[in-house]
Amino acid sequence: DGSLPALSSLPPGTLGPDGVRDLQVYTYFDSRSAAPLQAMLDAVPGLKPSDLAKGYLAVCLPDHPQVLQGPLLDLLGVRYVLATSPLQHAGARVLADWRPIGGEYFVYERPSPCPRAFVVDRITPLATDDKVVKALAAPTFAPRGTAFALADDLQHSGAADHGASGASAREVKFALDHANAIDLEVAAGPAGWLVLTDTFAPGWTATVDGTAVPMLRVDHALRGVPLPAGSCTVAFRYVPPRQLLGFALTGIATIAAIWVLWRSRN
């Protein structure tokens, strides 16, 4: 509806309310997910490259059309841009009279952010991560049309030829959204690929209607899952990669302690 929740902090602080995901100064990244942002900034003529060496954006995103109107921010779902001074390239201004304690804040709504989860028709294979990063930073990138993945990863997934035209029209709804469990309801349509713009990380697995499916690292740091034609439910679950090993070692240690205690009492 164009409104914003009450904010516990404003630029350059982190936004506090539940459900708000912010991408701004002091937002931390791992080295992989920061790479496309760095490439986008480096590609703008005349801009001083942003310092991401410490894993966070050291400066706010500049007021430049190639950045604030770029498709990479669409992929990341950036809908609102907040600033302490007027911007020319951030979109349509909303909440024009927002003047809390501390001065006036300028809020802009970008026209075409992607949702957190959506469907693309197919995956485009590229040879290296550097080529994927370059494709994501390009102004011609169309995030709702295709996702990029390493050619070797796509081949090993067994779904290299998966996808069909028109799949991107399928609607995706969140049925469950917890830190270690996500359920998505996907509407009927042609076979395609679900893109979840959460970080690809070890420990996450995916199922479609209860059947395990390969989860591919797409768009350099995000999650991609092949979808069959027709409506379906996609479930993501997280188990710490070393949890089972920890349980096994604990069990062995417990058995060993019981055995030592029994021997000593005998």
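Checking His89 against (1) open to solvent by 40 Å² or more (accessible area, probe 1.4 Å); (2) at pLDDT below 85; (3) more than 22 Å from Asp198 (Cα to Cα); (4) in contact with a helix residue (DSSP H, G or I) (Cβ under 6 Å, 6 or more places away or on another chain), which test does it fail?
For His89, the failing item is (2).
Out of the stretch 87-106, which residues are in a loop (DSSP other than H, G, I, E, B) and within 16 Å of Val67 (Cα to Cα)?
Leu87, Gln88, His89, Ala90, Gly91
For the stretch 126-170: of the residues being part of a loop (DSSP other than H, G, I, E, B) and basic (Lys, Arg), which is most open to solvent (accessible area, probe 1.4 Å)?
Among them, the one singled out is Arg144.
Is there a residue being in contact with an Asp or Glu (Cβ under 9 Å, 6 or more places away or on another chain), open to solvent by 30 Å² or more (accessible area, probe 1.4 Å), assigned to a loop (DSSP other than H, G, I, E, B) and among the basic types (Lys, Arg) anywhere in the stretch 171-183?
Looking for residues that are in contact with an Asp or Glu (Cβ under 9 Å, 6 or more places away or on another chain), open to solvent by 30 Å² or more (accessible area, probe 1.4 Å), assigned to a loop (DSSP other than H, G, I, E, B) and among the basic types (Lys, Arg), one finds none in the stretch 171-183, hence no.
In the stretch 213-244, what residues are modelled with pLDDT of 95 or more and among the β-branched types (Val, Ile, Thr)?
Scanning the stretch 213-244 gives Val213, Val218, Val225, Thr233, Val234.
Take the residues in the stretch 203-227 that are free of Cβ contacts under 8 Å to residues at least 60 places away in the same chain and not in a strand (DSSP E or B); name whichever of them is farthest from Ala169 (Cα to Cα).
The selected residue is Gly203.
Quickly run through the stretch 106-121 and pick out the residues that are more than 18 Å from Ala188 (Cβ to Cβ), surrounded by 17 or more Cβ atoms within 10 Å (Cβ to Cβ) and over 11 Å from the mean Cα position of the chain (by Cα).
Once the filter is applied, which keeps residues that are more than 18 Å from Ala188 (Cβ to Cβ), surrounded by 17 or more Cβ atoms within 10 Å (Cβ to Cβ) and over 11 Å from the mean Cα position of the chain (by Cα), the stretch 106-121 yields Phe106, Val107, Tyr108, Arg110, Pro113.
Specify the residue that is farthest from Phe141 (Cα to Cα); the eligible residues are those in the stretch 46-86 that are touching an Asp or Glu at 6+ places or on another chain (Cβ under 7 Å) and at pLDDT 85 or above.
Only one residue fits best here, namely Tyr80.
The values are calculated or read from the model by the stated rules, or taken from the named source; none is laboratory data. Keep in mind it's a predicted model, so treat the numbers as computed, not measured. Reconstructed Cβ throughout: ideal geometry from the backbone, glycine too, with neighbour counts over all protein chains shown. Heads up: the accessible areas ignore ligands, DNA and RNA and are worked out on the full protein's heavy atoms, side chains in. Shrake-Rupley method; radii C 1.70, N 1.55, O 1.52, S 1.80 Å.
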